[in-house]
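Trainee: Below you'll find the structure I mean.
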Amino acid sequence: MNSIETIIPIILLIIIGYAFKRINILKPNDAESLNKIVIYIAIPSLIFLAMYKTDISIIPLVAPIPFICLLVGATCGLLAYLFSKIRNYPRKTRWSIVITSSMFNSGFLGYPIVLGVFGGDGLIRAIFYDMGSMILFIVFGVLFSVIFAKEYLTVVKRALLFPPLWAIVLGLLLNFLHIDIGFLLSNTLNYLSGAAIPLIMISLGLSLEFKGMKENIGAVFSASIIKLIIAPIIAFIIVLILGIGGLEKQVTIIEAGMPSAMLSLVLAITYDLDIKTAAACIFTSTIFSMATIPLLLVFLS
């Protein structure tokens, strides 16, 4: 499947979710229920099957990918921090810009796109990139607990008990031990994983909000530029230096070009940051990514 055939249905599903909210078929609060289904059932099923069926021999090839994610995220966060410091934004606004510039929507949006364009082999690489995103989430949680003198155990616990993380661990473990999960469990997980992509996209559409865009518009657009343009360029330079090619290179750069992570809003809410700015950065980068991601796929084809 080519990039256009993949991107258009994904955009349509997001539009459907947003349209259903606008005409009151679904409520914004329904996004929370859909997110729970996605995070606790659908995505873990998708990840588990991908890890369970993968060829263990590729692990050395994909092992550097999470570290590249961390390096790209840290560099983008530093750029966002310097920009915010120069613009003299309040501390909470500054950190809201940093987290939305650093953290990638490598799961909710990255999985569907990579799976559609590159298939199951690409999804394996995307999952490893997303592992870096999970680590970023934990690091920011601990950092903010120090800066804002709040309890960090809640964030760490949330991250360590994150179902997709355990799906990776269990999938790889059963794969390595050659444990047969049987046709009943396998078929059930196949059905559940099939629901992941449409539910993710509809939930994303429900979550989109225009509020807050006009406030700190410079910060919002700067975060989008860092996420959608600078981040994939940094990833491209890194894979070039490391001599990484093939599918690993393509997926790493595509995932680096994903918009701001929805989990960054969780951090903004937990630590009472500038929630409006964080939400606006997520929304704006997500909308713009519908144009930048196809261009990135064309560049890599």
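Trainee: Looking only at the range 47-62, count every residue that is over 25 Å from Ile238 (Cα atoms), of a type outside the set (Phe, Trp, Tyr) and surrounded by 13 or more Cβ atoms within 10 Å (Cβ to Cβ) and tell me the total.
Mentor: 5
Trainee: Could you name every one of the helices (runs of 4 or more DSSP H) located completely within the range 212-277 that has at least 2 residues being hydroxyl-bearing (Ser, Thr, Tyr)?
Mentor: 217-225, 263-270
Trainee: Restricting to the range 175-193, name every residue that is modelled with pLDDT of 90 or more and within 23 Å of Gly132 (Cβ to Cβ).
Mentor: Correct list: Asn175, Phe176.
Trainee: Here is a follow-up. Among the listed residues Ile65, Ile97, which satisfies the condition of being of a type in the set (Val, Ile, Thr), farther than 30 Å from Leu173 by Cβ and either surrounded by 19 or more Cβ atoms within 10 Å (Cβ to Cβ) or free of Cβ contacts under 8 Å to residues at least 24 places away in the same chain (or both)?
Mentor: Unique residue meeting the criteria: Ile97.
Trainee: Which residues, taken from the range 265-301, are of a type in the set (Ser, Thr, Tyr) and closer than 12 Å to Phe108 by Cβ?
Mentor: Once the filter is applied, which keeps residues that are of a type in the set (Ser, Thr, Tyr) and closer than 12 Å to Phe108 by Cβ, the range 265-301 yields Thr286, Ser289.
Yes or no, residue by residue, for (1) charged (D, E, K, R); (2) without any contact (Cβ under 8 Å) to a residue 12 or more places away in the chain:
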site	(1), (2)
Ala223	no, no
Ala235	no, no
Ile241	no, yes
Gly246	no, yes
Gln250	no, no
Glu255	yes, no
Met258	no, no
Thr270	no, no
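Trainee: I'm trying to understand the selection: among the residues of the range 279-301, which are farther than 15 Å from Ile10 by Cβ and among the β-branched types (Val, Ile, Thr)?
Mentor: Residues satisfying the conditions are Ile282, Thr284, Val298.
Trainee: Let me ask something else. Kindly provide the set of residues from the range 12-46 that are under 26 Å from Leu161 (Cα atoms), more than 18 Å from the chain's Cα centre (by Cα) and crowded, with 16+ Cβ neighbours inside 10 Å, ordered by number.
Mentor: Asp30
Trainee: So which residues in the range 143-164 are at pLDDT 80 or above and out of contact with any helix residue (DSSP H, G or I) (no Cβ under 6 Å at 6 or more places or on another chain), if there are any at all?
Mentor: Leu143, Phe144 - these are the residues of the range 143-164 that are at pLDDT 80 or above and out of contact with any helix residue (DSSP H, G or I) (no Cβ under 6 Å at 6 or more places or on another chain).
Trainee: Is it true that Ile238 is at pLDDT 85 or above, surrounded by 24 or more Cβ atoms within 10 Å (Cβ to Cβ) and in contact with a Leu (Cβ under 8 Å, 6 or more places away or on another chain)?
Mentor: Criteria not met by Ile238.
Trainee: Going through Phe283, Phe288 one at a time, which residue ends up being part of a helix (DSSP H, G or I) and under 30 Å from Gly120 (Cβ atoms)?
Mentor: Phe288
Trainee: To continue, here is another question. Restricting attention to the range 265-287, does a residue exist that is more than 18 Å from Ala219 (Cβ to Cβ), at pLDDT 85 or above and under 16 Å from the mean Cα position of the chain (by Cα)?
Mentor: No, there is no match, as no residue in the range 265-287 is more than 18 Å from Ala219 (Cβ to Cβ), at pLDDT 85 or above and under 16 Å from the mean Cα position of the chain (by Cα).
Trainee: So is Leu82 out of contact with any Phe, Trp or Tyr (no Cβ under 9 Å at 6 or more places or on another chain), hydrophobic (A, V, I, L, M, F, W, C) and touching a residue at least 60 places away in the same chain (Cβ under 8 Å) or not?
Mentor: No.
Trainee: Name the residues in the range 22-49 that are of a type in the set (A, V, I, L, M, F, W, C) and free of Cβ contacts under 8 Å to residues at least 24 places away in the same chain, would you?
Mentor: Scanning the range 22-49 gives Ile23, Ile25.
The values are calculated or read from the model by the stated rules, or taken from the named source; none is laboratory data. Everything numeric in this text was worked out from a predicted model, so none of it was measured. With ideal geometry, Cβ positions are generated from the backbone for all residues, glycine too; neighbour counts draw on all protein chains shown.
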